[in-house]
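Here's the structure we're looking at; comments come further down.
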Amino acid sequence: MGKKINPIIVRIFLLICILFGIILRFNVIDKSVVYVPIRADALDYFSYAYNLKYNGVYSKIPTFSERDDRLTINPDAKRPPIFPIFASIFMDKANLSTSLKSVLFAQAIVQCIAMLFLSAIIAYALGSVECCILILMLWTQPHLININIYFLTESLFSSLLIFSLCFMWLYQIKKNRFWFYLCAVSIGISAITRPTMEYFPLFFLIYGLVVSREQLKRLVIFMIICLFPIIVWKARNFISTGMISDPGLMVGALYHGSFPDFMYNGQVKSFGFPYRFDPLSEKATANLYSAVSVIGERVSGDPITYIYWYLWGKLTYLWKWNIIAGQGDIFIYPTIISPYYGSPDFVYSKLIHQMLHNAFVVMALIYSCFKSIQTFVEKTSVFDIKIFISLNLIYVSLLHMIAAPFPRYGIPFRPYVFLAALFFMLELKCFFKDHKREKR
């Protein structure tokens, strides 16, 4: 697995990584200035949190300013509830700017706890030189650090994904069903933080049954627990709005992801926002049938371009370094001041990650495909951390080959990418060692 090193050295190195990672996170929140931080998606989440706390209604209607406080507040289901519920804890009507800062620090604390948990398990389960390097890479990953400066779901979502990974790993190590249940719960909660994980329980069930029907009981229990928070949220939506979800969400995901290279007819000026240049935008977003019809007509008109886009282009965009439909690089909303603009520890750590990014993604995806095929052939358990990580990466890749593959959506899965890449390197190392022994 890798050369074992002195446990004391591992603990010291782990402590250094944790302290460095914590310093980076809180410095980036303290020293960054986002231009109009409450905008677009963030405005919706802020309004939900405010209305939950002060009006008792889950609604995106902005009522926190004097000119908007008399608006009619109707419940809706456009955004999932966990992040607004989390943010509402820190809402202070008297000082909304302080509320914003409090939420940012709180989500960074949750992320630090999740990262600490994961680091401890990595050190316990693996404990090799390679793992120490991995822990350092995890704590210094620029996207994971920088998402804490935005009032968006990515930070909390990434923490929930890390927790689910940790719980599955502990279940594999300890064989205690408590961790099994916690993993399922965390996946369910993550699905109502960002809808990305909503179909993962079904994907996991189908793959598990294809591999081995003997796992049926555990798979069904796992799926039921995962689905429980999702079903509760859907029931609330039906009671409050008459629909289980906002139909515009699926339509938007399909439509916004249908433009090759995120451009309308290859026009460079439309990059990132092609729908603004599309004369059929209103028709395509009217309903699901209209969206599929418009996309279908365009695919039939230029099948080669669209086949390439859906089978390969989307995959490359999802795992790109640069965020599009945002400022670019590691920034989502326009950021006026950031330590990543000049502070040496931030700049050099970002540079190293940027140079290694593509290699890690390629190794992770190759390993995920290899592991899923190996598990299928050998009929081994799907409740193994390696196949769990692999299936998560395959699932999110397939999902965004259908929906919009904005690089921002891949950020919360970076810890999975790092771990899959590590397993790839360790297994490659073992392969060459065995090959060398055979030659002797």
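The values are calculated or read from the model by the stated rules, or taken from the named source; none is laboratory data. Predicted, not measured: the structure shown is a model, and the values here were computed from it. Positions of Cβ are backbone-derived with ideal geometry, glycine not excepted, and every protein chain shown enters the neighbour counts.
For segment 374-408, a residue qualifies if it is over 15 Å from L315 (Cβ atoms), assigned to a loop (DSSP other than H, G, I, E, B) and of a type in the set (A, V, I, L, M, F, W, C), and the qualifying residues are V382, F383. Looking across segment 353-389, the residues that are farther than 21 Å from E214 by Cα and among the hydroxyl-bearing types (S, T, Y) come down to Y367, S368. Looking only at segment 281-315, residues that are closer than 16 Å to A403 by Cβ, among the β-branched types (V, I, T) and loosely packed, with under 13 Cβ neighbours inside 10 Å come to 0 in all.
With respect to the stated conditions, L419 is closer than 30 Å to R194 by Cα and either of a type in the set (D, E) or over 14 Å from the mean Cα position of the chain (by Cα) (or both). On inspection, D92 does not qualify as at pLDDT below 90 and either more than 28 Å from S343 (Cβ to Cβ) or among the hydrophobic types (A, V, I, L, M, F, W, C) (or both). Selection over segment 160-189 of residues that are touching a residue at least 40 places away in the same chain (Cβ under 8 Å) and under 19 Å from A123 (Cβ atoms) gives a count of 10.
Tallying residues that are at pLDDT below 95 and not in a helix (DSSP H, G or I) within segment 134-178 yields 2. Residue check: N74 meets all listed conditions (1) closer than 22 Å to Y340 by Cβ; (2) polar (S, T, N, Q); (3) exposed (fewer than 14 other Cβ atoms within 10 Å of the Cβ) but one, namely (1). Here the condition is being in contact (Cβ under 8 Å) with a residue 40 or more places away in the chain, among the charged types (D, E, K, R) and in a loop (DSSP other than H, G, I, E, B); of K101, K78, it holds for K78 alone. All of K350, K320 fail the test of being within 21 Å of F418 (Cα to Cα), crowded, with 18+ Cβ neighbours inside 10 Å, in contact with a helix residue (DSSP H, G or I) (Cβ under 8 Å, 6 or more places away or on another chain) and not hydroxyl-bearing (S, T, Y), apart from K350.
Residues that are within 19 Å of G272 (Cβ to Cβ) and not β-branched (V, I, T) are absent from segment 411-424.
In segment 126-137, the residues that are closer than 12 Å to M115 by Cα reach residues that are hydroxyl-bearing (S, T, Y) with C-beta atoms within less than 8 angstrom, at least six apart or across chains, in these pairs: I135/S119. So, in segment 62-89, of the ones that are at pLDDT 90 or above and of a type in the set (A, V, I, L, M, F, W, C), which residue ends up farthest from the chain's Cα centre (by Cα)? The residue in question is I89. Would you be able to say whether some residue in segment 265-280 is touching a residue at least 24 places away in the same chain (Cβ under 8 Å) and polar (S, T, N, Q)? No - not one qualifying residue is present in segment 265-280. Meeting the requirement of 3 or more residues that are more than 26 Å from P81 (Cα to Cα), the helices (runs of 4 or more DSSP H) wholly within segment 246-325 are 281-284, 288-301, 303-308, 314-318. F418 fulfils the conditions (1) surrounded by 16 or more Cβ atoms within 10 Å (Cβ to Cβ); (2) under 22 Å from F180 (Cα atoms) except for a single criterion, (2).
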